[in-house]
1. Based on the alpha-carbon gyration tensor of the range 8-241 and its eigenvalue square roots a ≥ b ≥ c, which shape applies: rounded if a/c is under 1.5, prolate if not and a/b is larger than b/c, or oblate?
2. Compute the angle between helix 154-174 and the longest alpha-carbon principal axis of the chain, please, reported from 0 to 90 degrees and rounded to the nearest 10.
3. I want the antiparallel fraction of DSSP beta bridges within the range 8-241, as a percent rounded to 5.
4. How would you rank 118-129, 198-209, highest first, on the average number of other Cβ atoms within 10 Å across their residues?
5. Mean separation of Cα pairs under 8 Å and 6+ residues apart, divided by the residue count of the chain: what relative contact order is that in percent?
């Protein structure tokens, strides 16, 4: 995979989990990683330290997404970190978690899901475009929930369907600038944060049994896909949703 030395990358929600793995991977390829956090400043600092220990470069930038002034706050920090340099890679990773089934989701939970998962990425892209160089990369995290029927994740899946449509249409709009716009759809991914959930009896076995590649996914599995889309090798891929689930729920297993 090509070198990203000299490039800059903003990764939202990079204080832990998949976002942290993405920031670490892009920095390992040579990019300056701007590690966004909402409330977990310690987690962002730990991500920056991990990158620096490995010889990479990173800076933390905070903004609580979903608030009225979230994009302005974020980009005040981003522009200070960039110090006049262009932005090369934008990864919209931050997301609010599923709110629950139709019968119990409140209006406030629904509105927060859309504020964080749809409104924030949309206006982050809008605000980033003057900073983003021609030939840059925009990658937004979706989910296999957008192609599956999970009764407990209806509103969450709706948000991910929205960003997939956004990515396709923006790819067409931004193509003349050579900017690629894609979405990545992880499946069930075990991280340090959600690991305890997999202790529920039979859950891990069920997911493994429904996954074509026969194991649970980890953050690095997803980060590698994002790093590829950020690279020069992915210059001819745009407007796509890349499934990074290991083949979750493809159909009956042999």
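Where a number appears in this text, it was derived from the coordinates with a stated rule and is not lab data. Note that the structure is a prediction, hence the values are computed from the model and not measured. Cβ placement follows ideal geometry from the backbone for every residue including glycine, while neighbour counts extend to all protein chains displayed.
1. Values: a/c = 1.42, a/b = 1.31, b/c = 1.08.
Verdict is rounded for the range 8-241.
2. 40
3. Antiparallel bridges make up about 0 percent of those DSSP assigns within the range 8-241.
4. With the highest mean Cβ count within 10 Å placed first, the list reads 118-129, 198-209.
5. RCO, the chain: 19 percent.
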